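Novice: A single structure is presented below for examination.
The values are calculated or read from the model by the stated rules, or taken from the named source; none is laboratory data. Please read these numbers as outputs of a predicted model, since none were measured by experiment. Cβ atoms come from the backbone with ideal geometry, glycine included; neighbour counts cover every protein chain shown.
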Amino acid sequence: MKMEDEHPASSVLLNTFVIKKKRCRVYFHHGTLIWETERPPYTRWTLPLTDALAVNYGDTYIPDSWIREKNPTVVLSTSPTSFILHYAARGPNNRWSHHNVVMSHTDSRQVASWVKTIRNYLLNISCRPRKILVFINPYGGKKRGKKIWQKEVQPLMRITGIETRTIITERAGHITDILLNSNLDGFQGIICIGGDGTFAEVFNGLVLRTAKDLQIDSNDSNVLLPQPIIPVGVIPSGSTDTLAYSLHGTTDVQTSVIHIIFGDTTGLDLSSVHGNHKLHRLYASVLSYGYLGDVIKESEKFRWMGPQRYDYSGKI
């Protein structure tokens, strides 16, 4: 059964699906999906679609007994008889995780109707990015940037249908050069897979690019530097990942990816260092001078050691 208004949030859907081999009544109304078992022990689940990641067609088995009972003359075909709803659930310690539920029905038209309605609802969440520029630092931290992209980030991007363009960084300053000189039209987000230094390169390049487009002299210490329009996402793969932890309350990779897919944003204060009529750097976490600054500078020679380079540099 279906009753529709003009806006997807006003749609009302009600039907019976097979979920984990049990028949369940499934409702959708006002952006909330509810499913509950038809027979005891009764169990009920509630999912606000703001926590949904994507919905895709699936292919699952429907018990013959249910087909005979509900639709004696039905003939199975290659038409989709199930859909997979991907969603995120919040757990302890600020961590979010990806889950899915498969809902099956003998009538492919019902499946198509539900998929269309849920997709339209998700498309109307305007803050969610559709196209993202991805910078991967293969040398940061434990040198796991590429693996994190392939194993943990890219699969979720594909599930949600987000278009991505990936760039593997080759040197210090590479990200800044690209952001200053590339066409960024059409991107709703820029994400970096790396540590705090990689993130710093992204926001330095993005602020400089915004100032350049607005014809603002970033070397003038009396000028208020502009706020970039494109949001930046951080996926931790560095040595300390303090900024990722400050943003999400965890350095869990999947949590960061889910926040990016949701289009969650928050403000971040930046400070600048000017000297001799020139902008030297924008920073967001630590400005060090003296012993700590010397340790960080010295540690750059030992990046191959990973996070242990800081302890080593502090002792020599």
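Novice: So which of THR166, THR210, THR176 ends up being in contact (Cβ under 8 Å) with a residue 24 or more places away in the chain and either within 17 Å of GLN254 (Cβ to Cβ) or part of a helix (DSSP H, G or I) (or both)?
Specialist: Working: THR166 fails: either within 17 Å of GLN254 (Cβ to Cβ) or part of a helix (DSSP H, G or I) (or both); THR210 fails: in contact (Cβ under 8 Å) with a residue 24 or more places away in the chain.
None of the other options fit; the residue is THR176.
Novice: Still on this model: Given the structure, is ARG128 within 12 Å of the chain's Cα centre (by Cα) and farther than 18 Å from PRO236 by Cβ?
Specialist: Working: within 12 Å of the chain's Cα centre (by Cα): yes; farther than 18 Å from PRO236 by Cβ: yes.
For ARG128, the condition - within 12 Å of the chain's Cα centre (by Cα) and farther than 18 Å from PRO236 by Cβ - is met.
Novice: Can you confirm whether LEU13 is modelled with pLDDT under 95 and assigned to a strand (DSSP E or B)? First the steps, then the outcome.
Specialist: Numbers: modelled with pLDDT under 95: yes; assigned to a strand (DSSP E or B): yes.
Yes: the conditions hold for LEU13.
Novice: Can you pull out every residue in the range 255-282 that is touching a helix residue (DSSP H, G or I) at 6+ places or on another chain (Cβ under 7 Å), among the hydrophobic types (A, V, I, L, M, F, W, C) and either crowded, with 18+ Cβ neighbours inside 10 Å or modelled with pLDDT under 90 (or both)?
Specialist: Correct list: VAL257, ILE261, LEU282.
Novice: Right, another one. Find the residue count for the range 231-267, including only residues that are in contact (Cβ under 8 Å) with a residue 12 or more places away in the chain and of a type in the set (Phe, Trp, Tyr).
Specialist: 1
Novice: Restricting the search to the range 92-114, which residues are in a loop (DSSP other than H, G, I, E, B) and either in contact with a strand residue (DSSP E or B) (Cβ under 6 Å, 6 or more places away or on another chain) or more than 23 Å from LEU247 (Cα to Cα) (or both)?
Specialist: From the range 92-114, those in a loop (DSSP other than H, G, I, E, B) are 95, 105-107; that's our starting set.
Hits for the range 92-114 are HIS105, THR106, ASP107.
Novice: Moving on to the next point. Working only within the range 227-284, note down all residues that are in a loop (DSSP other than H, G, I, E, B), β-branched (Val, Ile, Thr) and over 17 Å from the mean Cα position of the chain (by Cα).
Specialist: Taking the range 227-284 and keeping what is in a loop (DSSP other than H, G, I, E, B), we get 227-231, 237-241, 249-252, 263-270, 275-278, 284.
Those left that are additionally β-branched (Val, Ile, Thr): 229-230, 240, 250-251, 265-266.
ILE229, THR240 - these are the residues of the range 227-284 that are in a loop (DSSP other than H, G, I, E, B), β-branched (Val, Ile, Thr) and over 17 Å from the mean Cα position of the chain (by Cα).
Novice: For the range 118-154: of the residues being of a type in the set (Lys, Arg) and without any contact (Cβ under 8 Å) to a residue 24 or more places away in the chain, which is farthest from PHE83 (Cα to Cα)?
Specialist: So in the range 118-154, the residues of a type in the set (Lys, Arg) come out as 119, 128, 130-131, 142-144, 146-147, 151.
Next, from what is left, pick out any that are without any contact (Cβ under 8 Å) to a residue 24 or more places away in the chain: 146-147, 151.
On the way: LYS146: 31, LYS147: 29, LYS151: 24 Å.
Among residues in the range 118-154 that are of a type in the set (Lys, Arg) and without any contact (Cβ under 8 Å) to a residue 24 or more places away in the chain, the one farthest from PHE83 (Cα to Cα) is LYS146.
Novice: So if I check each of ILE84, ILE62, ILE118, which one is aliphatic (A, V, I, L, M) and at pLDDT below 90?
Specialist: On the way: ILE84 fails: at pLDDT below 90; ILE118 fails: at pLDDT below 90.
Checking each option against the conditions leaves just ILE62.
Novice: Using the structure shown, decide if VAL153 is surrounded by 15 or more Cβ atoms within 10 Å (Cβ to Cβ), under 18 Å from HIS259 (Cα atoms), modelled with pLDDT of 95 or more and among the aliphatic types (A, V, I, L, M). Spell out the reasoning first.
Specialist: Working: surrounded by 15 or more Cβ atoms within 10 Å (Cβ to Cβ): yes; under 18 Å from HIS259 (Cα atoms): yes; modelled with pLDDT of 95 or more: yes; among the aliphatic types (A, V, I, L, M): yes.
Answer is yes for this residue.
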